[in-house]
């Protein structure tokens with residue numbers, strides 16, 4: 001399965017990466033996991049907060065980017081039409097942009113977001129010394 005990166009449409013921050021796509025719909029997609037490098041905040045106190053997406057007969061927590069845009073929900077309990085998706089992440093397409101990384105191969109290490117961010121910082125440091 002391809003690894004892919006999830007980016008906030010509002011601030012362009014990378015909010016996570018995953019290779020655990022469960023299902024994709026027209027307006028959102030469902031992920032079993034988002035890697036530990038995430039910058040998504042799970043809002044556990046959002047009882048009075050407007051939900052990022054309303055799902056009947058489900059208990060959810062908003063997923064917010066660092067810029068506070070709600071990019072999806074964490075599905076604590078799922079309705080019957082999303083049977084088996086409890087504990088999954090629902091990411092809303094209109095608030096995010098995704099792009100695919102290389103195909104995963106068993107003996108090939110795919111860099112994580114934090115690895116890529118370190119590489120970018122190293123490049124910036126080298127360029128600042130040159131310029």
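Read-outs throughout are calculated quantities, based only on the coordinates presented, and are distinct from any laboratory measurement. The model shown is predicted, which means the values in this text are computed figures rather than measured ones. Cβ: placed from backbone, ideal geometry, glycine included. Neighbour counts: every protein chain shown.
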Inset, instruction - Please arrange 99, 74 by counting, for each residue, the other beta carbons lying within 10 Å of its beta carbon, fewest first. - result: 99, 74
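For each of 131, 116, count neighbouring Cβ atoms within 10 Å of the residue's Cβ, then give the residues from fewest to most. Can you show the working numbers first?
Details: 131 5, 116 15.
Exposure proxy ranking, most exposed first: 131, 116.
At a 10 angstrom cut-off on C-beta neighbours, averaged per residue, how do the peptides 78-89, 118-129, 61-72 rank from highest to lowest? Mind dumping the intermediate values first?
Numbers: 78-89: 15.0, 118-129: 9.7, 61-72: 20.9.
Answer by packing, highest mean first, reads 61-72, 78-89, 118-129.
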Inset, instruction - Could you pull out which residues in the stretch 2-30 have an amide N less than 12 Å from a spot 7 Å beyond the Cα of residue 93, following the Cα-Cβ vector? - result: 24-30
Legend entry - Bins of 5 Å, starting at 0 and running to the largest distance - Cα pair percent for the stretch 59-103: 5, 21, 22, 20, 18, 10, 4
